[in-house]
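No lab work stands behind these numbers, since they all come straight from the coordinates. Please read all numbers here as calculations on a predicted model, not as lab measurements. We place every Cβ from the backbone using ideal geometry, glycine too, and count neighbours over all the protein chains shown.
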Amino acid sequence: MELKPLVGTIHELSLHFRSINHELSLHFRSINHELSLHFRSINHELSLHFRSINHELSLHFRSINHELSLHFRSINHELSLHFRSINHELSLHFRSINHELSLHFRSINHELSLHFRSINHELSLHFRSINHELSLRLALLDFV
């Protein structure tokens, strides 16, 4: 069996498949290029579309934020007025309690002051009497 015709046939088949491979490669590069351009276009359109949606949502949420801000400012103002009023009422109440306690303790202080003055007076009289008695005894001792 002669190998030369077989080698020639294999060589021709190799060249044929290289040619087919080259044609398919060019064909798929062209398809890839077309798909790339197509998807770039789709991507660009989607990008513009989502930017527009994002912008609309941004405006919408800014509006909601502004409305909520105004609403909570109003609530804050109302609560502030309410708690100022409560604070004022408590202040008046505790001033009244303070005044009553002040009068009560002044009265107690006055009573204690009178009581201790009386005790002091009694002790003073008692010690004067003792002092007088001791003075008389000393005088008698000096006399004797």
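Can you find a residue that is among the hydroxyl-bearing types (S, T, Y), more than 34 Å from the chain's Cα centre (by Cα) and surrounded by 10 or more Cβ atoms within 10 Å (Cβ to Cβ) anywhere in the stretch 56-68? No, the stretch 56-68 contains no residue that is among the hydroxyl-bearing types (S, T, Y), more than 34 Å from the chain's Cα centre (by Cα) and surrounded by 10 or more Cβ atoms within 10 Å (Cβ to Cβ). Within the stretch 1-55, being surrounded by 10 or more Cβ atoms within 10 Å (Cβ to Cβ) and of a type in the set (K, R) holds for R18, R29, R40, R51.
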